[in-house]
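Report on the structure given below.
The values are calculated or read from the model by the stated rules, or taken from the named source; none is laboratory data. None of the values given here were measured: they were computed from a predicted structure. When we count neighbours, we look across all protein chains shown, and the Cβ atoms used for this are built from the backbone with ideal geometry, even at glycine. What goes into the accessible areas is simple: the full protein's heavy atoms, side chains included, and nothing from ligands, DNA or RNA. Shrake-Rupley method; radii C 1.70, N 1.55, O 1.52, S 1.80 Å.
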Amino acid sequence: MQKKVLFVLCFIFVLFLFNAAPSNAQTALTVDNTRDGQKFKREMLGVGFGNWEFGWYNKPMLGDSVYAPLAAAYKKSNISVLRYAGGNWNWGLFFDRQPHKQKGSYNYRNNDYYQNYGTDELQGLYNFSQAAGADIMIEVNIYKNDPGMWADMVRYTNIEHNWKIKYWEIGNENEATWNDSYLSPDEYMKRFIEYEKQMKAVDSSIVIIGPTDASPVNVSNGDGQLNREIVELPAKVKLANGRDQGGISWHWYDGYQDNTIGNIFRYTGPNGSGFNGNNNWSRSYGDTVPAAIEAQVIKGAPILQVVSEINTLAENRAHISQNHVSGLFLADALPRLASNGIDMANIWVGYGEKGTSFAMVQHEGFGTNMRLNSPYYVYYMLANYFGDQLIGSAPLKNERISIWASRDTLDPGKLKLLITNLSDSDTPATVSVTGFTVGSGVYYELLPDGTLPGWSGNGDVDVYSKLNGKKLDIYNLNTSAAAITGNTLSGVTSTGFTRTFPKYSATSVILSGTGTITTAPSVVPSNTTAPAASITVAPSITTGAGTIVPTAVPSVNPTSGVSGVPSATPIPCTRKPVGDANCDGKVNLVDLQIWTSEYLEDVTTKQADFNSSSSCKNKAGAVKNVCLDDLQIWTTTYLNGG
């Protein structure tokens, strides 16, 4: 009983310490190079396009020389997928093997439409994609139910012209009952199966994706269940057509109707991090939804999972979906999605007319006045300062700061990090690195070019971004990019570094060193741990790479250059510096109990000496290792999600 009372008092003391901690308390961040996670695939850097840009504003088709700087900018940032031709706009699109028609009223094959996919438009799209180095995703009109017409478009593009358009997405948000194009789950699935059958009969190599839901979760009644067409379609396609569905797609707009900064950046919704109600509009969505779809639907099958539209808001606002707020959201969301197995993501939108589209690249008319907005800078950072192999990092579920870590197969010998401080205050942090001996580092910091309000303020403001204090100029891209050089990272030791991350910042850090991977435990993505009947995912040992399940004989990624490790090799206690006393990969009350016993000197062990220092004395005046500063380390991690 006495022990229990001491423990409860100690926990209350922890809460007091956390609330009374000085504002300059260090946040503990970790990087674990011994644990490989998911790939950060090139297709994560995709964009959406609306062909109304040419139908409403009488602009020249893509492929015209006016768009050469845009193609070069996309190539500079490894933008790899062009989703065309624009969201709900596809409800009225058709293909008639004729040149582009302006918006109007057209009857074709006994259906009414308002714009076509013109043959000249498709030629321009293909030419532009080649200049940008990107694949194409065509949006297909399922609402009018004419699969033969779209099979003919596959024949025209891929057989007659050999354009090899790879991705074809069927419909757009047809499950939304508020949309004029609403289709019931049964009707959508029946049509999808016939579209898939006829289109792949023309070109079996194409990847057909759907159902393109506005939300993959039923939010209208708050039941927190995946939509029927998400869950049932892959099995129906396989039964009817004898093959796996190419991909499952859905949309994520984090802010929905609320553009306050805290609403955009919060990790958990008002009822936690589940699926119910408004919890869809929180950053935890990037963890729970991909995990549930993988666990309940994909189950290891070769089916892509695609977020075919992503941004802060889908509303037609001039700033919130292209300003610094949007950029910071994407800096956390894109690696988060990749860490949970997402294969492709497309920002909505990648190009748009000033004042009418919320675009990564803004254009007014068709003169030489294109501007690169904040999301472009984030894509540029991910393309140039981040790798393709995610590795362990923590914490994952912090409301205010996130860290994602990677290696780059094209730039070996370095670790590449992306640390996003979503807070409205500067945040001092210690970054501890395992499995890599740090020698030096450089950083590139994305900061607002004006003043953003606090978390309770309106994020729809005219504040964009600078990278290391400079702007990228789309018309002088190589020159302006070359002027952005890495700043030398200070506070570096062989095991990491310390740095104060400015408020509302995204910081790319490139660490050079001599260390190599010494162990490579088998990694199971976090999306494989959800029980089939439940949406909630409860991972075991969580890092930025997903859930790690140590095995007796580590599996080795053949591309990583890692040798196998004997089964007797212990797995390092990588989270010890942040409060993991018993080395189980978690920071929880068990570790607090260990600290309590060691601090009171009931035992002689030193498991809770998290900072490896002798910073206090006992009643007899002897130096001891487990002290109150270790308690502060545990407290910071525990109250930030463990």
Evaluate the stretch 208-220: report whether one residue or more is free of Cβ contacts under 8 Å to residues at least 60 places away in the same chain, polar (S, T, N, Q) and either in a helix (DSSP H, G or I) or closer than 30 Å to SER402 by Cα (or both).
yes
Residues of the stretch 53-84 classified as without any contact (Cβ under 8 Å) to a residue 60 or more places away in the chain, open to solvent by less than 30 Å² (accessible area, probe 1.4 Å) and either more than 25 Å from ALA331 (Cα to Cα) or among the charged types (D, E, K, R) (or both), total:
0
Filter the stretch 172-182 for residues that are in contact (Cβ under 8 Å) with a residue 40 or more places away in the chain and more than 23 Å from the chain's Cα centre (by Cα); the one that is surrounded by the fewest Cβ atoms within 10 Å (Cβ to Cβ) is THR177
Write out, first by first residue and then by second, each pair whose Cβ atoms fall under 6 Å of each other, whose residues are 6+ apart or on separate chains, and whose first residue, in the stretch 86-102, is more than 14 Å from GLU53 (Cα to Cα) while the second is open to solvent by 20 Å² or more (accessible area, probe 1.4 Å) and not β-branched (Val, Ile, Thr).
TRP91/TYR143; GLY92/TYR114; PHE94/TYR108; ASP96/TYR108; PRO99/ASP120
List the pairs whose first member sits in the stretch 145-158 and is on the phi > 0 side of the Ramachandran plot, whose second member is open to solvent by 10 Å² or more (accessible area, probe 1.4 Å) and part of a helix (DSSP H, G or I), and whose Cβ atoms are under 6 Å apart, counting only residues at least 6 apart or on separate chains?
ASN145/ARG191
Exclusive hit being surrounded by fewer than 15 Cβ atoms within 10 Å (Cβ to Cβ), of a type outside the set (Gly, Ala, Ser), assigned to a loop (DSSP other than H, G, I, E, B) and at pLDDT 75 or above, set ASP584, ASP602, ASP580, ASP609
ASP584
Quick one: VAL207 ticks every box in (1) surrounded by fewer than 23 Cβ atoms within 10 Å (Cβ to Cβ); (2) under 23 Å from the mean Cα position of the chain (by Cα); (3) closer than 20 Å to VAL349 by Cα except a single one, so which number is it?
(3)
Take the residues of the stretch 332-355 that are modelled with pLDDT of 90 or more and open to solvent by 10 Å² or more (accessible area, probe 1.4 Å): which is farthest from SER393 (Cα to Cα)?
TRP348
Hits in the stretch 476-501 (condition: of a type outside the set (S, T, N, Q), in contact (Cβ under 8 Å) with a residue 24 or more places away in the chain, touching a Ser or Thr at 6+ places or on another chain (Cβ under 8 Å) and in a loop (DSSP other than H, G, I, E, B))
LEU489
Expected single match for open to solvent by 10 Å² or more (accessible area, probe 1.4 Å) and at pLDDT below 95 among ASP426, ASP460 is ASP460
Scanning the stretch 407-430 residue by residue, those more than 21 Å from TYR267 (Cα to Cα) and either over 20 Å from the mean Cα position of the chain (by Cα) or not in a strand (DSSP E or B) (or both) turn out to be ASP408, THR409, LEU410, ASP411, PRO412, GLY413, LYS414, THR430
Just to check your reading of the model, which residue among ASN127, ASN141 is buried (at least 22 other Cβ atoms within 10 Å of the Cβ), under 19 Å from GLY48 (Cα atoms) and of a type outside the set (A, V, I, L, M, F, W, C)?
ASN141
Whether any residue in the stretch 455-465 is part of a strand (DSSP E or B) and of a type in the set (A, V, I, L, M) is what I want to check.
no
Kindly provide the set of residues from the stretch 429-453 that are out of contact with any strand residue (DSSP E or B) (no Cβ under 8 Å at 6 or more places or on another chain) and open to solvent by 30 Å² or more (accessible area, probe 1.4 Å), ordered by number.
GLY450, THR451, PRO453
Given the criteria at pLDDT 95 or above and either surrounded by fewer than 23 Cβ atoms within 10 Å (Cβ to Cβ) or not in a helix (DSSP H, G or I) (or both), does ALA318 qualify?
no
With the requirement that a residue be at pLDDT below 85, in a loop (DSSP other than H, G, I, E, B) and surrounded by 15 or more Cβ atoms within 10 Å (Cβ to Cβ), what does the stretch 260-274 give you?
THR268, SER273, GLY274
If the requirement is being among the aliphatic types (A, V, I, L, M) and under 23 Å from THR574 (Cβ atoms), which of these qualifies: LEU452, LEU489?
LEU489
Mind counting the residues in the stretch 356-397 that are open to solvent by less than 20 Å² (accessible area, probe 1.4 Å), among the polar types (S, T, N, Q) and at pLDDT below 90?
1
